[in-house]
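The values are calculated or read from the model by the stated rules, or taken from the named source; none is laboratory data. Everything numeric in this text was worked out from a predicted model, so none of it was measured. Neighbour counts run over all protein chains shown; Cβ positions are idealised from the backbone, glycine included. Side chains are part of the model used for accessible areas, which takes the heavy atoms of the whole protein and leaves out ligands, DNA and RNA. Shrake-Rupley method; radii C 1.70, N 1.55, O 1.52, S 1.80 Å.
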Amino acid sequence: MKLNYWLLKSEPSTWSWENQVKAGVEMWDGVRNYQARNNLMNMKKKDLCFFYHSVSEKLIIGIVEVVKEHYPDPTDKTGKFVVTDVKTKKKLKRPVSLEEIKSTPKLCNMALIKQSRLSVMPLSKKEWDTIIKISEK
């Protein structure tokens, strides 16, 4: 089975890495963008996601794993949006900043740079591996 890789953005004031760690497994809800929703719908069990603190921090903090594929978002009264359940895997050895990502040529085509407002985005295996390497420096 081929793994896919993703980046999930969350404002730390709304849902932080610490909240995710305490919860263990949590529903990833509140997505109200159709492209982000489609990305959630493409996630499969065992896919890995970077957990990104957006807005104030702009850091990739840790890794979560998809443990339940998409289902209707109970916070969405329109019925158009979905959630997935993600499980805390591990904190990165060192957070990776947006500045580091922008200054790394191998990451210049990342959706995080090209579509900065997108909250759920796919990553290539090369992008994933590059960010892991940066975090281990």
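For this structure, a couple of remarks:
- Members of segment 1-16 that are open to solvent by less than 90 Å² (accessible area, probe 1.4 Å) and either in contact (Cβ under 8 Å) with a residue 40 or more places away in the chain or not hydrophobic (A, V, I, L, M, F, W, C) (or both): 3, 4, 5, 6, 7, 8, 9, 10, 11, 12, 16
- Restricted to segment 17-33, and to residues there that are of a type outside the set (A, V, I, L, M, F, W, C) and touching a residue at least 24 places away in the same chain (Cβ under 8 Å), the residue that is surrounded by the most Cβ atoms within 10 Å (Cβ to Cβ) is 20.
- Residues that are free of Cβ contacts under 8 Å to residues at least 12 places away in the same chain and either part of a loop (DSSP other than H, G, I, E, B) or β-branched (Val, Ile, Thr) (or both), drawn from segment 37-88: 77, 78, 79
- Extreme residue, least open to solvent (accessible area, probe 1.4 Å), among residues of segment 107-126 that are farther than 17 Å from residue 53 by Cβ and at pLDDT 95 or above: 107
- Counted residues, segment 34-56 - those being out of contact with any strand residue (DSSP E or B) (no Cβ under 8 Å at 6 or more places or on another chain) and closer than 28 Å to residue 93 by Cβ: 2
Residue by residue, here is whether (1) within 24 Å of residue 22 (Cβ to Cβ); (2) open to solvent by 20 Å² or more (accessible area, probe 1.4 Å); (3) charged (D, E, K, R) holds:
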| residue | (1), (2), (3) |
| --- | --- |
| 68 | yes, yes, yes |
| 86 | yes, no, no |
| 96 | yes, no, no |
| 128 | no, no, no |
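- Here residue 135 meets the list (1) modelled with pLDDT of 95 or more; (2) under 17 Å from residue 4 (Cα atoms); (3) open to solvent by less than 90 Å² (accessible area, probe 1.4 Å) almost entirely, failing just condition (2).
- Test for residue 7: is it modelled with pLDDT of 95 or more, within 18 Å of residue 110 (Cα to Cα) and part of a helix (DSSP H, G or I): no
- If you filter segment 89-112 down to residues that are assigned to a helix (DSSP H, G or I) and within 14 Å of the chain's Cα centre (by Cα), you find that the one that is farthest from residue 65 (Cα to Cα) is 98.
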